[in-house]
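The values are calculated or read from the model by the stated rules, or taken from the named source; none is laboratory data. This structure is a prediction, so every number in the text was calculated from the model and none was measured. For neighbour counting, all protein chains shown are included, and Cβ atoms are generated from backbone atoms with ideal geometry for every residue, glycine included. Surface areas here come from the heavy atoms of the whole protein model, side chains and all, with no ligands, DNA or RNA. Shrake-Rupley method; radii C 1.70, N 1.55, O 1.52, S 1.80 Å.
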Amino acid sequence: MEAVVSTQSTGEKISLVELPSDLRTDKLIVRYVEVNELDGSAVGAEKTMNVALNGAKGDKRFTISGLVGGKSYGITVFLQVQYRGRKMPSASTDRLIITTPFGGSETDKVKSQFDKIKHNTDSRINSIDSAVDGQKRKLDGLSGQVDGIINEANQKIAALEAAAMANITSQQTILSGIAKRSCIETGINYYTGSVIAKPRTNSIFHCLSECRKKAGCNGASWNTKTTFCSMSSQRRGSQPSIDKQIVSINRVCYDTLTGEAAKWKSCIKERTDYGGADISGAQSLGFGTEWDCMAWCINTATCKSITYRASDGHCWLKHKPYGDRQSSNAALTSISLECMQS
């Protein structure tokens, strides 16, 4: 994975600096390090790369190789010049945070982020469980002590259990935010030519709130310059177009992806066929997982459930929450959008 960076994007546009005639640009010193996408802290050792300028004073593009897809990196740049035989570095730029392209589908990206945070959550919970077990062992050894000491130990255990529950709740909130961000696209206009209402709002989330109040609204695009919120009955629009002033949101997608893993699992009906209620023309082969099939459903106007066959990746979209009927079939898995939104 490579990242291409321009000195103009870092705020160090050398061509705008008036330099003495005997001062010569030598090189750019580029320092970069992987950072935690949640709090921006460094992960691993910082690396340094030199970019030769050889007296050049214009914009400079350079490539950082060896970056991992889907990771976030912090980059700072120094300018080193030579003046009368002395090498002198400039102050560093503010740190630029970039995220390299993931290289997979949106579903893969959400799953990867979900698994990463779930792993961190499990580690924290295991640590808390060990502390709780330690307190319980101490409690067993206090059986001959007075009731006051036992009550104090019980209160400490209760506090640890409350902390564990608070930690789980906090992590579910983070998971929810990551999943929901996959339903928002910046620079894409979903709804050209299919607007059912167009109020002014002060943000994309205010626009989403107004969409929920409007009967038939399934998605919206917000203009960051004019503040118009263009609502549509379509979830993602039939012909999305590029517009740097627009932020678009699929309301059905956003309201469905809550990030609660336990609820998602309860909505997956393995060995089950939602028979009938097929959307005409909405079936296809080659889907990697049932969640790829579900992502197609979320972005299809009348889809309310899916049935998926893993052997050949066959995906059927349904216009009813549970099809016309439910039956047992060992080769099929079915998911209801209504269950996901409940």
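Within the bounds of region 251-267, is there any residue that is within 17 Å of residue 186 (Cβ to Cβ) and open to solvent by less than 40 Å² (accessible area, probe 1.4 Å)? Checking region 251-267: at least one residue is within 17 Å of residue 186 (Cβ to Cβ) and open to solvent by less than 40 Å² (accessible area, probe 1.4 Å). If the condition is being open to solvent by 40 Å² or more (accessible area, probe 1.4 Å) and modelled with pLDDT of 85 or more, then region 234-250 contributes 243, 244, 245. Here residue 60 meets the list (1) at pLDDT 80 or above; (2) surrounded by 15 or more Cβ atoms within 10 Å (Cβ to Cβ) almost entirely, failing just condition (1).
Which of (1) β-branched (Val, Ile, Thr); (2) open to solvent by less than 20 Å² (accessible area, probe 1.4 Å); (3) under 27 Å from residue 204 (Cβ atoms) does residue 335 not meet, given it meets every other one? The failed condition is (3). So which of 160, 142 is at pLDDT below 65 and open to solvent by 40 Å² or more (accessible area, probe 1.4 Å)? Sole residue among the options that is at pLDDT below 65 and open to solvent by 40 Å² or more (accessible area, probe 1.4 Å): 142. Being among the acidic types (Asp, Glu) and modelled with pLDDT of 85 or more holds for only one residue in 292, 273, and it is 273. For region 307-328, the criterion of being in contact with a helix residue (DSSP H, G or I) (Cβ under 6 Å, 6 or more places away or on another chain), modelled with pLDDT under 85 and of a type in the set (A, V, I, L, M) is met by no residue.
In region 248-342, counting only helices (runs of 4 or more DSSP H) that sit wholly within it, the ones holding 2 or more residues that are under 18 Å from residue 236 (Cα atoms) and either without any contact (Cβ under 8 Å) to a residue 60 or more places away in the chain or touching a Gly at 6+ places or on another chain (Cβ under 6 Å) (or both) span 290-298.
To keep it simple, each residue is scored yes or no on (1) buried (at least 18 other Cβ atoms within 10 Å of the Cβ); (2) within 20 Å of residue 338 (Cβ to Cβ).
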position	(1), (2)
276	no, yes
289	no, no
293	yes, yes
297	yes, yes
303	yes, yes
307	yes, yes
318	yes, yes
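Of 194, 230, 209, all but one fail to be open to solvent by less than 50 Å² (accessible area, probe 1.4 Å), in a loop (DSSP other than H, G, I, E, B) and out of contact with any helix residue (DSSP H, G or I) (no Cβ under 8 Å at 6 or more places or on another chain); the exception is 194. Scanning region 37-76 for residues that are of a type in the set (A, V, I, L, M), in a strand (DSSP E or B) and out of contact with any Gly (no Cβ under 9 Å at 6 or more places or on another chain) gives 43, 45, 49, 51, 52, 64, 75.
If you go through region 1-54 and pick out every residue that is among the aliphatic types (A, V, I, L, M), open to solvent by 30 Å² or more (accessible area, probe 1.4 Å), at pLDDT 85 or above and closer than 27 Å to residue 85 by Cα, you end up with 2.
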